[in-house]
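Read the figures in this text as sums done on the coordinates, not as results from a lab. Note that this is a predicted model, so its numbers are computed, not measured. Note that each Cβ is placed from the backbone with ideal geometry, even for glycine, and that neighbours are counted across all protein chains shown.
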Amino acid sequence: MAVRAIVEYPQQILRERCEPVEAFGERIGRLLDDLAESMYANKGVGLAAPQIGQTHRAVVIDVEQREGQPKLVELVNPEILERSSEMREGDEGCLSFPGEWEKVVRPARVRARAFDRRGEPFEIEAEGMLARAIQHELDHLDGVLFIDHLSRLKRSLIDRRMRKRASKAS
């Protein structure tokens with residue numbers, strides 16, 4: 001396991017659509033371990049493969065780790081099967097957007113299908129913070145970022161701040 005550097009916006013990989021995982025085994029296990037280590041080290045509640053520079057359809061989520069016992073959820077080749085019609089607004093941030101937080105409206109509940117690290121299929125139903133995290137991380141796999149759910153003005157302001165930050169870092 002290794003803590004990997006987090007890719008920050010506006011790096012192009014965050015806008016790429018990720019490829020499905022074809023082979024399950026040691027390689028995908030290492031990727032999931034690295035995702036988890038990197039998420040925990042950066043105090044996040046979720047992390048998607050493109051955020052550590054990989055274009056595989058894999059994410060990890062743990063919305064409980066801040067308040068108690070860690071409960072890691074690993075999703076490989078995930079897809080959302082159902083979204084509730086009930087919508088909820090909530091604060092969202094992203095490790096790829098350090099220091100940025102905004103209110104985002106998303107469906108309150110979801111049902112998703114994915115594979116575990118061994119290639120076994122499963123379904124997960126979620127509401128609240130877990131539903132929000134699943135939607136946020138799965139968006140990453142399609143090159144969609146939380147700022148894409150904001151008004152043009154808010155998106156533009158965050159874009160400008162992040163580009164300024166990136167130019168200072170280089």
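Counting helices only, and only those DSSP H runs with n ≥ 4, report the 222 nm mean residue ellipticity of the chain as the sum of -39,500 (n - 2.57) divided by its residues, in deg cm²/dmol to the nearest 500.
Details: 3 runs with 48 residues, N = 170.
Rounded to the nearest 500, the figure is -9500 deg cm²/dmol.
To the nearest 20 Debye, how big is the dipole of the chain about its Cα centre, given +1 on the beta carbon of each Lys and Arg and -1 on that of each Asp and Glu? Each step should come with its number before you reach the end.
Working: 28 positive and 30 negative charges, 182 e Å.
Here the size comes out at about 880 debye.
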Study note, to complete from the structure: Simple SL model, points at 7 angstrom along Cα→Cβ for residue 82 and residue 164; separation in nm is 4.6
Check your understanding: Taking one equal scatterer on every alpha-carbon of the chain, how large is log10 of I(q)/I(0) by Debye at q = 0.12, 0.15 1/Å?
Key -> -0.51, -0.82
Review point. For region 80-170, what is the convex hull volume of the alpha-carbon atoms per residue, in Å³?
Key: 114
Review point. Between residue 122 and residue 89, how many nm apart are label points set 7 Å from Cα along the C-beta direction?
Key: 3.5
Study note, to complete from the structure: For region 3-10, in residue order, the Karplus 3J(HN,Hα) values (coefficients 6.51, -1.76, 1.60; θ = phi - 60°; whole Hz; Gly and Pro = x) are 7, 9, 5, 8, 6, 9, 4, x
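Report relative contact order for the chain in percent, whole number only (criteria: Cα-Cα under 8 Å, sequence separation at least 6).
Values: 317 pairs, mean separation 41.0, N = 170.
Result for the chain is 24 percent.
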Review point. In the neighborhood of residue 46, defined by Cβ-to-Cβ distances under 10 Å, what is the net charge if each Lys or Arg adds +1 and each Asp or Glu adds -1?
Key: -1
**Study point:** Residue with peak Gaussian network fluctuation, the chain [Cα springs, cutoff 10 Å], from 22, 74, 102
**Key:** 22
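Place the peptides 35-45, 90-100, 112-122 in order of packing, highest mean first, counting for every residue the other Cβ atoms within 10 Å and averaging per peptide.
Values: 35-45: 19.0, 90-100: 17.4, 112-122: 14.8.
So the peptides 35-45, 90-100, 112-122, ranked by packing, come out 35-45, 90-100, 112-122.
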Check your understanding: region 9-48: D in µm²/s via Stokes-Einstein (Kirkwood Rh, Cα pairs, 37 °C, 0.692 mPa s)?
Key -> 279
**Study point:** Inter-part distance where region 135-169 and region 15-77 are each reduced to a Cα centre, Å
**Key:** 20
